[in-house]
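S.K.: I have a structure here, written as structure tokens, and I will follow up with some questions on it.
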Amino acid sequence: MHSLNNKVKILSTGLVGTVVDVYEHGGRKVYVVESDTINADFSGGYGNTWKLFDCYAGDLASI
């Protein structure tokens, strides 16, 4: 699967970013992806300049 510091693409948006955290929620791994695009304007992101996105493994593709 994905690991910290891996470059990934969020399949639903095409946004490229870096995995900055991994945690478990409800028995599933959640990958926190920090956008490589400054002020990314996609729904579901949180934070300020470098948006963060919580994703499951099936939401991501390695690049």
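S.K.: Taking θ = phi - 60°, what integer Hz values does the Karplus form 6.51 cos²θ - 1.76 cosθ + 1.60 yield along the stretch 24-32, in sequence order, with x for Gly and Pro?
M.R.: Per-residue couplings from phi come out as 9, 9, x, x, 10, 6, 10, 9, 8 Hz.
S.K.: On to the next question. Tell me the net charge near residue 51. Cut-off is 13 Å between Cβ atoms, residue 51 excluded, with +1 for each Lys or Arg and -1 for each Asp or Glu.
M.R.: -4
S.K.: If you project the alpha carbons of the stretch 7-62 onto their three principal axes, what span does each projection cover, largest first, in Å?
M.R.: 31, 20, 18
S.K.: Could I ask something else about it? Scan around residue 60 for amide H atoms under 5 Å from its own, H built in the peptide plane at 1.01 Å from N, and keep only partners 5 or more places away or cross-chain.
M.R.: 11
S.K.: Hey, another quick one. What does a probe at residue 12 reach in the stretch 42-63, counting residues whose amide N is under 13 Å from the point 7 Å along Cα→Cβ?
M.R.: 42-46, 53-60, by backbone N distance to the label point.
S.K.: Additional query: Only four residue types carry charge here, +1 at the Cβ of Lys and Arg and -1 at the Cβ of Asp and Glu. Report the dipole size of the chain about the Cα centre in Debye, rounded to the nearest 20.
M.R.: Here the chain has a charge dipole of around 140 debye.
S.K.: Let me ask you something else. When Lys and Arg each count +1 and Asp and Glu each count -1, what net charge do the other residues less than 13 Å away from residue 5, Cβ to Cβ, add up to?
M.R.: -2
S.K.: Next question, about the same structure. Pick from 46, 31, 23: which is most flexible by mean-square fluctuation in a GNM of the chain where alpha carbon atoms under 10 Å apart are linked?
M.R.: Fluctuation is largest for 23.
S.K.: Which order do 4, 60 fall in if you start with the one that has the fewest other Cβ atoms within 10 Å?
M.R.: 4, 60
Each reported figure results from applying straightforward, stated rules to the coordinates on display, with no laboratory input. Source: prediction; values computed, not measured. Neighbour counts are summed over all protein chains in view; Cβ atoms, including those assigned to glycine, are modelled from backbone coordinates with ideal geometry.
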